[in-house]
Amino acid sequence: HPLCVIDGGAYRGELLHSIQNNHLDIEKWYCFEPDQENYELLTRQAVRNKLGDRQECIKKGLWNKSGILYFQGGNATGSRIVPYETSEFVEVATIDDYIGDKKCNFIKMDIEGAELPALKGAIKVIKRERPILAICIYHSIDDYWRIPRYLTDKLIDYRFYIRHHALICNETVLYCIPK
C-alpha cells in the first residue's frame with residue numbers, strides 16, 4: 001500500500017530519502033515543521049521532490065490542542081516549543097483537527113519533547129487508522145516511560161519496540177506496529 005505519512009518535525013524532508021531507498025510509494029506526505037528556516041528549506045526541497053500535491057508542507061507544530069505557543073526557533077534540529085515566555089510564537093495544531101477523516105498509515109514524530117502532547121492530540125486518528133508509529137522518546141528521560149505507557153494504555157493489538165539509532169544518547173525511537 002502507498003504510504004499516507006504524517007511527519008512531525010519534518011525538518012528538511014529527510015524522511016523521503018528513507019522511504020524512497022526502501023522502494024515505498026507515497027500517496028500523501030503531511031510535513032509539519034514550525035521553525036521558519038527549516039520550513040523554508042523544506043518547501044524548497046519539496047519543489048525538487050516533484051511530489052506535487054502529494055506533499056503538503058505545514059508551518060505548524062503539533063500539540064494536544066490547536067493554538068499559539070511560545071517557541072525557541074533558529075536551532076536547526078533543536079528548535080522547539082517551550083513552557084516559558086519568548087519573543088517568538090508558533091502556531092500549533094492537533095493531528096485529529098488537521099487530518100480529520102483523511103487516511104494515515106504512518107506517523108513519525110521527532111518534535112523535541114512535544115511528542116506526548118502531540119500523541120494526545122492524535123489519538124482519535126491513531127485509533128481509527130491504526131498507523132505504524134515511529135516516535136522519538138529521547139528528548140526527556142521521562143519520555144522513556146511516559147510515551148510507551150500512554151500508548152500501551154490507549155492502543156489495542158499493537159506491538160511495541162524500542163530501537164536506539166546512534167552511539168550517543170540521541171535518536172531512541174519507539175516503534176508501534178499494529179498486529
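The values are calculated or read from the model by the stated rules, or taken from the named source; none is laboratory data. Quick caveat, the model's predicted, so the values are computed rather than measured. Counting neighbours? That spans all protein chains shown, and the Cβs are built from the backbone with ideal geometry, glycine included. Note: areas computed on protein heavy atoms with side chains; ligands, DNA, RNA excluded. Shrake-Rupley method; radii C 1.70, N 1.55, O 1.52, S 1.80 Å.
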Problem - Hits in region 114-131 - residues which are more than 12 Å from the chain's Cα centre (by Cα) and either under 22 Å from residue 166 (Cβ atoms) or charged (D, E, K, R) (or both) - result: 120, 124, 127, 128, 129, 130
Practice task
Within region 54-69, track down each residue that is closer than 12 Å to residue 28 by Cβ, open to solvent by less than 40 Å² (accessible area, probe 1.4 Å) and out of contact with any helix residue (DSSP H, G or I) (no Cβ under 8 Å at 6 or more places or on another chain).
Solution key: none
Exercise for the section: Working carefully through the options 161, 138, 144, find the one that is free of Cβ contacts under 8 Å to residues at least 60 places away in the same chain, among the hydroxyl-bearing types (Ser, Thr, Tyr), outside any strand (DSSP E or B) and surrounded by fewer than 17 Cβ atoms within 10 Å (Cβ to Cβ). Expected result: 144
Exercise for the section: Restrict the check to region 12-24 and report whether at least one residue is in a helix (DSSP H, G or I), closer than 25 Å to residue 123 by Cα and open to solvent by 20 Å² or more (accessible area, probe 1.4 Å). Expected result: yes
Exercise for the section: From the list 49, 64, pick out the single residue that is in contact with a Pro (Cβ under 6 Å, 6 or more places away or on another chain) and among the polar types (S, T, N, Q). Expected result: 64
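Conditions tested, residue by residue: (1) within 16 Å of residue 2 (Cα to Cα); (2) not β-branched (Val, Ile, Thr).
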position: 19; (1), (2): yes, no
position: 22; (1), (2): yes, yes
position: 26; (1), (2): yes, no
position: 39; (1), (2): no, yes
position: 52; (1), (2): yes, yes
Exercise for the section: Quick one: which strands (runs of 3 or more DSSP E) lie wholly within region 35-134 and hold at least 3 residues that are at pLDDT 95 or above and out of contact with any Phe, Trp or Tyr (no Cβ under 9 Å at 6 or more places or on another chain)? Expected result: 106-109
Exercise for the section: Working carefully through the options 51, 42, find the one that is among the aliphatic types (A, V, I, L, M), surrounded by fewer than 19 Cβ atoms within 10 Å (Cβ to Cβ) and in contact with a strand residue (DSSP E or B) (Cβ under 7 Å, 6 or more places away or on another chain). Expected result: 51
Handout entry: Single unsatisfied condition, residue 32 versus (1) closer than 21 Å to residue 4 by Cβ; (2) open to solvent by less than 10 Å² (accessible area, probe 1.4 Å); (3) without any contact (Cβ under 8 Å) to a residue 40 or more places away in the chain; (4) of a type outside the set (A, V, I, L, M)
Key = (3)
